[in-house]
1. Any chance you could run the full-extension gain for LEU33 through ARG80? It's 0.36 nm times the residue separation minus the Cα-Cα distance, nm to one decimal.
2. Taking the simple approach of a point 7 Å from Cα along Cα-to-Cβ for both ALA107 and SER26, what is their distance in nm?
3. With Cβ to Cβ distances under 14 Å as the rule, what net charge do the other residues near VAL14 carry (K, R +1; D, E -1)?
4. At a Förster distance of 41 Å, what's the computed FRET efficiency of ALA87 paired with ASP10, Cβ-Cβ distance as r, to 0.05?
5. When the chain is fully extended, how far beyond the present Cα-Cα distance does SER98 get from ALA40, taking 0.36 nm per residue of separation?
6. Quote the accessible area belonging to VAL45 in square angstrom, nearest 10, computed with a 1.4 Å probe and with ligands, DNA and RNA left uncounted.
7. At 1.4 Å probe size, with no ligands or nucleic acids counted, give the accessible surface of HIS105 in Å², nearest ten.
Amino acid sequence: MTGPGEAEADPLRVWVARPLPAGGRSAARLAALGHVPLLAPVLAVAPGDAPPPAGPVGGGGLTRAHAAGARAAGRGPVLREAGGDAAALAALIASDLSPGARLLHAAGRERKPEPA
């Protein structure tokens, strides 16, 4: 909002590089704030072609953003959430899984080395 004699600011043009669907939500929030989003994701989140591991697993791990995508895709409820970093996730897994249990960590080809 501008006062008397003040020029109204031009909207900001903002590049949204987040993958879909999160990038779409960010773009919508920016537009609602009066900005002009340019939605151009630099990554795509999609199933890979690697087969799942053979045999039973004791649990699975996903990042928060991908857990939300799993929920939306009908891949079941996310039962537990950690404190937001790799150390908290590792502690949660260690407290929940039996010694020797196998964990399936769904991750992308390009990722940070944690929580490997």
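The values are calculated or read from the model by the stated rules, or taken from the named source; none is laboratory data. Please read these numbers as outputs of a predicted model, since none were measured by experiment. So basically every Cβ, Gly included, is an ideal-geometry build from the backbone, and we count neighbours across all protein chains shown. For accessibility, only protein heavy atoms count, side chains too; no ligands or nucleic acids. Shrake-Rupley method; radii C 1.70, N 1.55, O 1.52, S 1.80 Å.
1. Details: separation 47, 0.36 × 47 = 16.92 nm, distance 3.31 nm.
Using 0.36 nm per residue and subtracting the Cα-Cα distance, I get 13.6 nm.
2. 2.1
3. Numbers: positive: ARG13, ARG18, ARG25, ARG29; negative: ASP10.
For residues surrounding VAL14, the net value is +3.
4. Details: r = 43 Å, r/R0 = 1.05.
My answer for the efficiency is 0.40.
5. Values: separation 58, 0.36 × 58 = 20.88 nm, distance 4.26 nm.
Fully extending the segment from SER98 to ALA40 adds 16.6 nm.
6. 80
7. Roughly 70 Å² of HIS105 is accessible to a 1.4 Å probe.
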